[in-house]
């Protein structure tokens with residue numbers, strides 16, 4: 001439609017496609033995970049899994065397995081001795 005040309009739908013669609021492609025590159029997520037690990041390396045009680053870069057690519061992130069308790073498992077957190085001032089049940 002001629003009236004929609006001012007909105008540049010082709011350019012907008014191309015920009016969205018490029019942005020989505022970049023956002024879906026899991027190597028960027030892995031890099032952010034590695035950076036978080038470096039930044040919190042000396043923080044007691046905080047552990048970030050390391051990235052297995054040999055098995056990580058655009059479509060997959062492979063990282064160390066860490067056993068833990070989900071943040072929304074209040075009973076599990078209590079049983080693990082996790083300290084908190086405010087325990088809430090939902």
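Can you say whether residue 81 is modelled with pLDDT under 85 and at positive phi, as far as the supplied structure shows?
No: the conditions fail for residue 81.
When segment 61-90 is examined, which residues are found to be within 28 Å of residue 22 (Cα to Cα) and exposed (fewer than 11 other Cβ atoms within 10 Å of the Cβ)?
Those that are within 28 Å of residue 22 (Cα to Cα) and exposed (fewer than 11 other Cβ atoms within 10 Å of the Cβ): 65, 66.
Read through the list (1) surrounded by 12 or more Cβ atoms within 10 Å (Cβ to Cβ); (2) more than 14 Å from the chain's Cα centre (by Cα); (3) modelled with pLDDT of 95 or more, then give the number of the only condition that residue 39 fails.
Of (1) surrounded by 12 or more Cβ atoms within 10 Å (Cβ to Cβ); (2) more than 14 Å from the chain's Cα centre (by Cα); (3) modelled with pLDDT of 95 or more, only one is false for residue 39: (1).
State whether the residues of segment 8-25 include one that is at pLDDT 90 or above and either surrounded by 13 or more Cβ atoms within 10 Å (Cβ to Cβ) or part of a loop (DSSP other than H, G, I, E, B) (or both).
Checked against the condition, which is being at pLDDT 90 or above and either surrounded by 13 or more Cβ atoms within 10 Å (Cβ to Cβ) or part of a loop (DSSP other than H, G, I, E, B) (or both), segment 8-25 yields at least one hit.
When you look at residue 29, is it under 30 Å from residue 83 (Cα atoms), in a helix (DSSP H, G or I), at pLDDT 95 or above and out of contact with any helix residue (DSSP H, G or I) (no Cβ under 8 Å at 6 or more places or on another chain), yes or no? Quick ask: steps written out before the conclusion?
On the way: under 30 Å from residue 83 (Cα atoms): yes; in a helix (DSSP H, G or I): yes; at pLDDT 95 or above: no; out of contact with any helix residue (DSSP H, G or I) (no Cβ under 8 Å at 6 or more places or on another chain): yes.
No, not satisfied.
Within segment 33-52, is there a residue that is outside any loop (DSSP other than H, G, I, E, B), touching a residue at least 12 places away in the same chain (Cβ under 8 Å), out of contact with any helix residue (DSSP H, G or I) (no Cβ under 7 Å at 6 or more places or on another chain) and closer than 23 Å to residue 21 by Cβ?
Yes, segment 33-52 contains at least one residue that is outside any loop (DSSP other than H, G, I, E, B), touching a residue at least 12 places away in the same chain (Cβ under 8 Å), out of contact with any helix residue (DSSP H, G or I) (no Cβ under 7 Å at 6 or more places or on another chain) and closer than 23 Å to residue 21 by Cβ.
The values are calculated or read from the model by the stated rules, or taken from the named source; none is laboratory data. It should be emphasised that the depicted structure is a prediction, and the values quoted were computed from it without experimental measurement. Positions of Cβ are backbone-derived with ideal geometry, glycine not excepted, and every protein chain shown enters the neighbour counts.
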